[in-house]
């Protein structure tokens with residue numbers, strides 16, 4: 001997973017700051033434990049050896065996978081059963 005320091009990856013990154021404000025407005029609890037400088041990914045995997053149906057890589061701190069894309073990938077998997 002990509003790593004970035006807090007200065008360049010968050011404090012000097014207007015996209016990351018906007019993401020922080022957006023996520024703070026959701027009302028969900030959060031904490032600062034763990035490896036906060038490691039960005040994340042999301043994978044939707046097909047059953048068996050079907051492979052990856054969808055992947056999202058967090059480029060800026062706080063990026064979220066577009067829900068409509070994730071749902072579409074899941075629906076495509078379910079339709080092929």
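Below is a table of values for the structure above.
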quantity	calculated
Extreme residue, modelled with the highest pLDDT, among residues of the range 60-81 that are assigned to a loop (DSSP other than H, G, I, E, B) and loosely packed, with under 15 Cβ neighbours inside 10 Å	66
Scan of the range 22-59 for residues that are modelled with pLDDT of 80 or more, surrounded by 12 or more Cβ atoms within 10 Å (Cβ to Cβ) and part of a loop (DSSP other than H, G, I, E, B), ordered by number	40, 46, 58
Output for the range 6-21, where each listed residue is surrounded by fewer than 10 Cβ atoms within 10 Å (Cβ to Cβ) and modelled with pLDDT under 70	7
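The values are calculated or read from the model by the stated rules, or taken from the named source; none is laboratory data. These numbers come from a predicted model, not from an experiment. Virtual Cβ from ideal backbone geometry, glycine too; neighbours counted across all protein chains shown.
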